1. Give all pairs with beta carbons closer than 6 Å in which a residue from the stretch 36-60 that is at negative phi meets a residue that is β-branched (Val, Ile, Thr); count only pairs at least 6 apart in sequence or on separate chains.
2. Step by step: first the residues of the stretch 1-46, then only those that are charged (D, E, K, R), open to solvent by 60 Å² or more (accessible area, probe 1.4 Å) and not in a strand (DSSP E or B), then the one that is modelled with the lowest pLDDT. Which residue is that?
3. Quick one: what pairs do we get from the stretch 1-20, first residue in contact (Cβ under 8 Å) with a residue 60 or more places away in the chain, second of a type in the set (Ser, Thr, Tyr) and surrounded by fewer than 10 Cβ atoms within 10 Å (Cβ to Cβ), C-beta under 9 Å, 6+ apart or different chains?
Amino acid sequence: DTLDADLVIEMRPDSMLLNWVVDPITLGFDAEGRLTDYVGLGNIRRDKDRNYDVDLRYSKTPLPCPLLPREN
């Protein structure tokens with residue numbers, strides 16, 4: 001699937017063996033470098049052996065982030 005993002009990065013293992021076992025993680029970023037999408041394995045357990053696959057869409061927040069120092 002194609003994400004509606006300015007920059008899309010897909011991360012996958014280098015090892016061919018791990019590539020068969022682990023699905024890639026896809027990240028989308030906007031023009032300001034903010035994360036807009038995360039598609040891949042989540043950190044919530046489905047059962048004792050598996051986690052959920054997630055498709056997260058983040059809404060834009062005004063820049064600058066209050067945690068970053070302000071420019072003068």
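The values are calculated or read from the model by the stated rules, or taken from the named source; none is laboratory data. Bear in mind the structure is a predicted one, so any value in this text is a computation, not a measurement. For neighbour counting, all protein chains shown are included, and Cβ atoms are generated from backbone atoms with ideal geometry for every residue, glycine included. Accessible surface areas use protein heavy atoms only, side chains included; no ligands, DNA or RNA. Shrake-Rupley method; radii C 1.70, N 1.55, O 1.52, S 1.80 Å.
1. Between residues of the stretch 36-60 that are at negative phi and residues that are β-branched (Val, Ile, Thr), the close pairs are 39/26; 42/54; 52/44; 55/39; 58/36.
2. First pass over the stretch 1-46, keeping only residues charged (D, E, K, R): 1, 4, 6, 10, 12, 14, 23, 30, 32, 34, 37, 45-46.
Pick out the ones that are also open to solvent by 60 Å² or more (accessible area, probe 1.4 Å) and you get 1, 4, 6, 10, 12, 14, 23, 32, 45-46.
Imposing the further condition that a residue be not in a strand (DSSP E or B) reduces the set to 1, 4, 6, 12, 14, 23, 32, 46.
On the way: 1: 57, 4: 87, 6: 93, 12: 92, 14: 90, 23: 87, 32: 85, 46: 93.
Among them, the one singled out is 1.
3. From residues that are in contact (Cβ under 8 Å) with a residue 60 or more places away in the chain, there are no pairs.
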